[in-house]
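J.: Attaching a single structure in structure tokens format; questions to follow.
The values are calculated or read from the model by the stated rules, or taken from the named source; none is laboratory data. Keep in mind the model is a prediction, meaning the values are calculated, not measured. All Cβ positions, even for glycine, are placed from backbone atoms using ideal geometry, and neighbour counts span all protein chains on display. Ligands, DNA and RNA are stripped out before the accessible areas are found, and what is left, the full protein with its side chains, is counted by its heavy atoms. Shrake-Rupley method; radii C 1.70, N 1.55, O 1.52, S 1.80 Å.
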Amino acid sequence: MTAEPIPAAAERDPILLQLSKRPVPYPPQVQQSLREEARLIIDRYPQPRSALLPLLHLVQSVEGYVTGTGIAFCAEQLGLTDAEVTAVATFYSMYRRTPTGDYHVGVCTNTLCAVMGGDEILAALARHLEIAAGETTPDGTITLDHLECNAACDYAPVVMVNWEFFDNQTPESARRLADALRAGLEVTGTRSGAPLCTFRETARILAGFPDRRPEANDGRPGEPTLAGLRATGEQAESVTAQQDSSSEQGDR
């Protein structure tokens, strides 16, 4: 009995490694300004590499997303490699990897928001704006996205615009919100004291620079949040009372 010959491997197209282009540095004026602001951020930390997260927000404020140029800039300022910076920038979803519109509209589609209508809101906005999640309207105004939990389950379903909360949304209210943003109207979040700023302006605030909008920090917690806080306090008092009673009985 002889073994059958092994058939020759079929010819395949060669696999080519697609290399990205080397990042083009920022213009000299932008580069100088960024270096000065980066130094202000880095000096807040005992170890320079600890400043990476705010630095990524800083470069995102320049172009509306984290580009190869921004990654190279952060690496240079912190003495890291481009790969180390890229690993962080691609881990956190707040760092955008594609051009982003003036308003990043994110619809929470996690468990409770989905049950309360989050999926319907996302679908309604996609139809209304004629774009899919992850895309931007042709006028560059809105980038639509779906988000994971925003820690706002007491206001589900929630929409966030540039990380400002819009609570208890419906497909109809979300469409009105999108229309107002595209019309250039002044829009204020449910729990904010100041109108929205653009995505790039928000990134700069997240980098640690002052939010100079009047009443920007004057928002108030809503009743659902306060109700939860009160319930927690009452439960803690009840547990404390039970412990005190048990302690008294043990002393007798």
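J.: If you take the residues of segment 42-55 that are in a helix (DSSP H, G or I) and farther than 14 Å from Glu76 by Cβ, which of them is farthest from the chain's Cα centre (by Cα)? Steps first, please.
T.: First, the residues of segment 42-55 that are in a helix (DSSP H, G or I): 42, 48-55.
Checking the rest, the ones that are also farther than 14 Å from Glu76 by Cβ come to 50, 53-54.
Values: Ser50: 19, Leu53: 12, Pro54: 13 Å.
In this case the residue turns out to be Ser50.
J.: Picking from Glu76, Glu135, Glu130, which residue would you name as being without any contact (Cβ under 8 Å) to a residue 40 or more places away in the chain and at positive phi? Let's see the steps before the verdict.
T.: Details: Glu76 fails: at positive phi; Glu135 fails: at positive phi.
From the options Glu76, Glu135, Glu130, the qualifying one is Glu130.
J.: Is segment 85-108 home to any residue that is of a type in the set (Phe, Trp, Tyr), on the phi > 0 side of the Ramachandran plot and part of a loop (DSSP other than H, G, I, E, B)? Spell out how you get there, then give the answer.
T.: The first filter runs over segment 85-108 and keeps only residues of a type in the set (Phe, Trp, Tyr), leaving 91-92, 95, 103.
The next check asks that each one be on the phi > 0 side of the Ramachandran plot; those that pass are none.
Looking for residues that are of a type in the set (Phe, Trp, Tyr), on the phi > 0 side of the Ramachandran plot and part of a loop (DSSP other than H, G, I, E, B), one finds none in segment 85-108, hence no.
J.: For segment 201-211, which residues satisfy the criterion of being of a type outside the set (Phe, Trp, Tyr), touching a helix residue (DSSP H, G or I) at 6+ places or on another chain (Cβ under 9 Å) and at negative phi? Break it down into steps so the answer makes sense when it comes.
T.: Filtering segment 201-211 for residues of a type outside the set (Phe, Trp, Tyr) gives 201-208, 210-211.
Restricting the remaining residues to those that are touching a helix residue (DSSP H, G or I) at 6+ places or on another chain (Cβ under 9 Å) gives 201-208, 211.
Within segment 201-211, Glu201, Thr202, Ala203, Arg204, Ile205, Leu206, Ala207, Asp211 meet the criteria.
Residue by residue, here is whether (1) among the hydroxyl-bearing types (Ser, Thr, Tyr); (2) modelled with pLDDT under 95; (3) closer than 30 Å to Leu58 by Cβ; (4) not assigned by the TED database to the domain that holds Glu120 holds:
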residue	(1), (2), (3), (4)
Met160	no, no, yes, no
Thr170	yes, no, no, no
Arg182	no, no, yes, no
Leu185	no, no, yes, no
Arg204	no, no, yes, yes
Glu223	no, yes, no, yes
Ala227	no, yes, no, yes
Ala236	no, yes, no, yes
Glu248	no, yes, no, yes
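J.: Mind checking which residues of segment 162-208 are open to solvent by 30 Å² or more (accessible area, probe 1.4 Å), in a loop (DSSP other than H, G, I, E, B) and either touching a Gly at 6+ places or on another chain (Cβ under 9 Å) or in contact (Cβ under 8 Å) with a residue 12 or more places away in the chain (or both)? Show your work before the answer.
T.: In the first step, residues of segment 162-208 are kept if they are open to solvent by 30 Å² or more (accessible area, probe 1.4 Å); the result is 163-165, 168, 170-172, 175-176, 179, 182-186, 188, 190-191, 195, 198, 200-201, 204-206, 208.
Those left that are additionally in a loop (DSSP other than H, G, I, E, B): 163, 168, 170, 183-186, 190-191, 198, 208.
Those that are open to solvent by 30 Å² or more (accessible area, probe 1.4 Å), in a loop (DSSP other than H, G, I, E, B) and either touching a Gly at 6+ places or on another chain (Cβ under 9 Å) or in contact (Cβ under 8 Å) with a residue 12 or more places away in the chain (or both): Trp163, Asn168, Thr170, Thr190, Arg191, Thr198, Gly208.
J.: Now for a different question. Find the residue count for segment 87-108, including only residues that are buried (at least 18 other Cβ atoms within 10 Å of the Cβ) and of a type in the set (Ser, Thr, Tyr).
T.: Residues meeting the conditions: 3.
J.: Okay, moving on. Which numbered condition trips up Cys153, out of (1) open to solvent by 50 Å² or more (accessible area, probe 1.4 Å); (2) in contact with a Phe, Trp or Tyr (Cβ under 6 Å, 6 or more places away or on another chain)?
T.: It fails just one condition, (2).
J.: Report, by residue number, each residue of segment 127-150 that is assigned to a strand (DSSP E or B) and open to solvent by 70 Å² or more (accessible area, probe 1.4 Å). I'd like the intermediate steps shown before the answer.
T.: Kept after step one, since they are assigned to a strand (DSSP E or B), are these residues of segment 127-150: 136, 142-147.
The one that is assigned to a strand (DSSP E or B) and open to solvent by 70 Å² or more (accessible area, probe 1.4 Å): His146.
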